[in-house]
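> Please read through the structure below; I'll follow up with questions.
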Amino acid sequence: MKKRILFTTIFRPFSKPGKYNLPGDEKFLDYFSNRLTREPGLFVLHDNHPTVAPHLIAANIDADVTVLETPTIEEFKEELGKGYDIVAITFLTLHFPKLMHMVAWARKLAPEAKIVIGGFGTALYDLDRLEVDGVCQEEGIGYMRKLLGQSLKDPVEHPVITFDIGLRVGVQHPGLPKKRVGILVNGFGCPHACEFCSTSAYFGRKHVPLLGTGQALLDTMVRYEREAGVKDFIIYEEDFYLYKRHINDFIAAARGHGTLFSYGCYATIKALSQFDIEDLVDSGLSHVWIGVESIESPFNKSMGRPIREVFEELQRYGVTTTGSIIAGLDHHKRDNLRGEFEHLASLFPSTVQISNLIAGPGTPLRERLAQENRLIVDQLLIDSHLYSDQVVHPEFGRGELRELIFQGYDYIYETIGPAVYRMMKTWLEGSRNLRRSPRERLRARGELLARRAAAFRPLFLDTFDFLPNDAVRAAVKECVAEMEADVGPPDEQALATARLFRETFESEVRRLEREGPHVYEPPTRTSRYAGRGGTFTTPAVPMTPIKRPFDVNVERLRRA
Ligand code: SF4
């Protein structure tokens with residue numbers, strides 16, 4: 001008889017201060033509004049990203065599996081009474097107090113079940129004291145197959161996992177457009193071994209492939225299109241372009257297929273420098289996250305073509321970018337940190353991430369800083385997130401870098417405008433160049449980018465007064481005006497959508513003045529997998545608004 005397994009994330013709520021929540025917990029609620037589009041205005045994006053690993057594992061083991069995401073503790077307790085053989089809990093470092101609470105309840109309410117824990121939180125030290133039956137500190141499908149006595153050679157099939165991206169104001173004001181994106185995990189781990197990198201350390205500085213071949217990756221995209229109508233993807237792999245032969249196989253497979261898929265990925269300058277970017281665009285590259293880290297990046301991964309040249313070329317092809325930097329590196333001083341923000345803005349990334357230097361458990365950085373007596377001793381190891389204050393820096397006082405980081409986000413917004421404008425401008429530039437390409441597929445991609453830019457235009461037609469300053473207003477107006485030559489004037493539908501955005505922004509300002517800012521708790525999601533195979537799609541359930549001060553200043557939303 002098949003084993004019955006419960007996979008669960010840690011429980012919600014995340015945003016209420018309390019016994020099990022640490023400051024910063026709510027940062028995990030939404031990738032966009034907390035990091036990539038962390039802006040003081042109303043153009044912020046929002047997503048409802050699923051926890052991917054449990055779905056990947058559940059779809060590839062011979063067992064009856066329930067995947068529970070962000071349940072309340074009461075829902076978790078109720079589920080424990082349903083006779084599971086294994087209770088598997090995935091957690092991040094920050095969520096350790098919740099993990100302990102859940103392990104205690106699992107022991108009490110499911111005494112016959114084996115308890116297994118996994119996820120990046122298992123990089124913490126002294127997990128033995130939890131006395132659980134298993135700690136997964138490796139690739140999870142293989143770990144669970146070993147536990148179940150299943151062959152490790154069984155094929156791996158990627159489940160269909162999707163999520164939606166839209167404007168954050170759309171959470172409270174339904175009806176605004178959203179984009180559905182498919183998630184593809186192509187591999188884990190990274191051999192570049194940057195000293196601060198927790199994911200690289202977690203997988204022992206090794207790369208662990210999941211889908212194996214370029215053809216398998218394309219076949220999975222084709223299946224997503226067939227089963228969920230999805231043609232846009234985010235590919236999770238630390239450095240997607242690292243393995244040249246694999247990528248060349250993928251480029252060849254993508255070129256031979258009729259559908260124009262689009263994907264976002266993570267890549268280093270070192271790996272990108274191996275390729276002609278036009279070939280990558282032909283394979284579907286539409287967004288790439290590049291770890292810029294610093295003007296004087298001390299990391300091996302930054303070797304290759306000059307970073308500015310790469311960003312500029314990507315933009316010429318209409319590829320949107322995320323540029324991320326770290327504040328608090330050894331060479332940072334009061335008088336050069338501002339230069340890092342200016343450098344980042346000058347690359348015109350579509351979205352940005354500015355983080356503090358974090359010394360996660362198991363990383364070489366943590367070892368080095370411990371030897372140098374530079375770890376803040378009263379800082380909990382588990383209080384580990386993008387903006388944590390963990391490291392003693394001779395140039396900056398306690399908490400100072402965190403404040404400078406938030407000023408950095410504001411600087412980016414006020415200098416180069418909202419992320420959604422930067423995306424629209426990049427698509428417009430790419431459409432112009434690609435429409436003139438001698439290659440037919442690239443011309444078709446140019447048309448696709450023109451449609452994308454045109455789809456974003458209504459957001460800016462009637463919201464100029466919500467932009468941060470005159471310089472940004474002028475830049476956005478110019479972009480919108482120039483677009484007419486490329487895609488024609490806005491039609492009736494675009495004008496109606498523009499009015500909808502205007503009304504929504506007005507309504508959101510009134511709501512904020514009346515109710516104050518909110519954070520949004522994710523819903524509980526339950527998915528079931530009966531043996532290998534299975535499909536997960538985002539259920540249509542609402543987010544829960546929780547009234548709580550957040551990083552929105554109503555005064556700054558609109559400036560005449
Ligand atoms: S290149 Fe990126 S993923 Fe790889 S070790 Fe460095 S920071 Fe980590």
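> Quick check, is F505 under 21 Å from N34 (Cα atoms) and in contact with a Leu (Cβ under 7 Å, 6 or more places away or on another chain)? Let's see the steps before the verdict.
On the way: under 21 Å from N34 (Cα atoms): yes; in contact with a Leu (Cβ under 7 Å, 6 or more places away or on another chain): yes.
Criteria met by F505.
> Let me ask something else about it. What residue, of A498, A454, A494, A485, is modelled with pLDDT under 95 and farther than 17 Å from G417 by Cβ? First the steps, then the outcome.
Working: A498 fails: modelled with pLDDT under 95; A454 fails: modelled with pLDDT under 95; A494 fails: modelled with pLDDT under 95.
Matching residue, one of A498, A454, A494, A485: A485.
> Go through the residues of the range 186-200 one by one and say whether even a single one is at pLDDT 95 or above, in a strand (DSSP E or B), among the hydrophobic types (A, V, I, L, M, F, W, C) and within 15 Å of the ligand (Cβ to nearest atom).
no
> Across the range 77-119, which residue is nearest to P17 (Cα to Cα) among those that are surrounded by fewer than 19 Cβ atoms within 10 Å (Cβ to Cβ) and of a type in the set (K, R)?
Selected residue: K77.
> Okay, moving on. Looking for something under 30 Å from D279 (Cβ atoms), free of Cβ contacts under 8 Å to residues at least 40 places away in the same chain and outside the structural domain of L92 (by TED's automatic domain parsing) - is there at least one such residue anywhere in the range 363-371?
If we filter the range 363-371 for residues that are under 30 Å from D279 (Cβ atoms), which is where we start, we get none.
No; the residues of the range 363-371 include none that is under 30 Å from D279 (Cβ atoms), free of Cβ contacts under 8 Å to residues at least 40 places away in the same chain and outside the structural domain of L92 (by TED's automatic domain parsing).
> If the requirement is being more than 26 Å from the chain's Cα centre (by Cα), closer than 24 Å to W289 by Cα and crowded, with 21+ Cβ neighbours inside 10 Å, which of these qualifies: L434, L428?
Just one listed residue meets the conditions, L434.
> Moving on to the next point. Among the residues of the range 442-465, which ones are under 13 Å from Y317 (Cα atoms), crowded, with 17+ Cβ neighbours inside 10 Å and of a type in the set (K, R)?
Applying the first criterion (under 13 Å from Y317 (Cα atoms)) to the range 442-465 yields 442-450.
Subsequent filtering for residues that are crowded, with 17+ Cβ neighbours inside 10 Å retains 442, 445-446, 448-450.
The one that is under 13 Å from Y317 (Cα atoms), crowded, with 17+ Cβ neighbours inside 10 Å and of a type in the set (K, R): R445.
> Looking only at the range 145-166, filter to residues that are of a type in the set (A, V, I, L, M, F, W, C) and touching a Gly at 6+ places or on another chain (Cβ under 9 Å); which one of those is nearest to N48 (Cα to Cα)?
Filtering first and then ranking leaves F163.
> Any residue at all in the range 346-358 that is out of contact with any Cys (no Cβ under 6 Å at 6 or more places or on another chain), closer than 24 Å to R38 by Cα, touching a residue at least 40 places away in the same chain (Cβ under 8 Å) and assigned to a helix (DSSP H, G or I)?
Scanning the range 346-358 turns up no residue that is out of contact with any Cys (no Cβ under 6 Å at 6 or more places or on another chain), closer than 24 Å to R38 by Cα, touching a residue at least 40 places away in the same chain (Cβ under 8 Å) and assigned to a helix (DSSP H, G or I).
> Then there's this: How many residues does the range 121-139 hold that are under 23 Å from G187 (Cβ atoms), modelled with pLDDT of 90 or more and of a type in the set (A, V, I, L, M, F, W, C)?
Of the residues in that region, 2 qualify.
> Residue under question is D164, and the condition is that it be touching a residue at least 12 places away in the same chain (Cβ under 8 Å) and either part of a loop (DSSP other than H, G, I, E, B) or within 16 Å of the ligand (Cβ to nearest atom) (or both); does it hold? Spell out how you get there, then give the answer.
Working: touching a residue at least 12 places away in the same chain (Cβ under 8 Å): yes; either part of a loop (DSSP other than H, G, I, E, B) or within 16 Å of the ligand (Cβ to nearest atom) (or both): no.
In short, no.
> Identify the single condition in (1) assigned by TED's automatic domain parsing to the domain that holds L36; (2) within 16 Å of the ligand (Cβ to nearest atom) that L152 does not satisfy, given that it satisfies every other one.
Looking at each condition in turn, L152 falls short on (2).
> When you go through (1) over 30 Å from L448 (Cα atoms); (2) in contact with a helix residue (DSSP H, G or I) (Cβ under 9 Å, 6 or more places away or on another chain) one by one for R305, which number turns out not to apply?
Tallying (1) over 30 Å from L448 (Cα atoms); (2) in contact with a helix residue (DSSP H, G or I) (Cβ under 9 Å, 6 or more places away or on another chain), R305 fails exactly one: (1).
> Answer yes or no as to whether Y125 is out of contact with any Ser or Thr (no Cβ under 9 Å at 6 or more places or on another chain) and in contact (Cβ under 8 Å) with a residue 40 or more places away in the chain. Please lay out each step first, then the result.
On the way: out of contact with any Ser or Thr (no Cβ under 9 Å at 6 or more places or on another chain): yes; in contact (Cβ under 8 Å) with a residue 40 or more places away in the chain: yes.
Taking the combined requirement at face value, the residue satisfies it.
> Next question. For residues in the range 263-281 being buried (at least 20 other Cβ atoms within 10 Å of the Cβ) and away from the ligand (no atom under 16 Å from the Cβ), which is nearest to I325 (Cα to Cα)?
Residue satisfying both the conditions and the ranking: Y263.
> Going by what's in this entry, would R432 be described as at pLDDT 95 or above, touching a Ser or Thr at 6+ places or on another chain (Cβ under 7 Å), part of a helix (DSSP H, G or I) and among the charged types (D, E, K, R)?
Details: at pLDDT 95 or above: yes; touching a Ser or Thr at 6+ places or on another chain (Cβ under 7 Å): no; part of a helix (DSSP H, G or I): yes; among the charged types (D, E, K, R): yes.
No; evaluated as a whole, the condition is false for this residue.
> A follow-up question, please. Could you pull out the residue among K270, K244, K301 that is in contact (Cβ under 8 Å) with a residue 24 or more places away in the chain, touching a His at 6+ places or on another chain (Cβ under 6 Å) and of a type outside the set (G, A, S)? Give the steps one after another, and end with the answer.
On the way: K270 fails: touching a His at 6+ places or on another chain (Cβ under 6 Å); K244 fails: touching a His at 6+ places or on another chain (Cβ under 6 Å).
Only one candidate passes the filter, namely K301.
> Just to verify a result, which residue in the range 218-262, among those that are of a type in the set (F, W, Y) and within 16 Å of the ligand (Cβ to nearest atom), is surrounded by the most Cβ atoms within 10 Å (Cβ to Cβ)?
Step one: filter the range 218-262 for residues of a type in the set (F, W, Y), giving 224, 233, 236, 240-241, 243, 250, 261.
Narrowing further to those that are within 16 Å of the ligand (Cβ to nearest atom): 236, 240-241, 243.
Details: Y236: 18, F240: 26, Y241: 22, Y243: 19.
Within the range 218-262, the match that is surrounded by the most Cβ atoms within 10 Å (Cβ to Cβ) is F240.
The values are calculated or read from the model by the stated rules, or taken from the named source; none is laboratory data. None of these values were measured; they are calculated from a predicted model. Cβ atoms come from the backbone with ideal geometry, glycine included; neighbour counts cover every protein chain shown.
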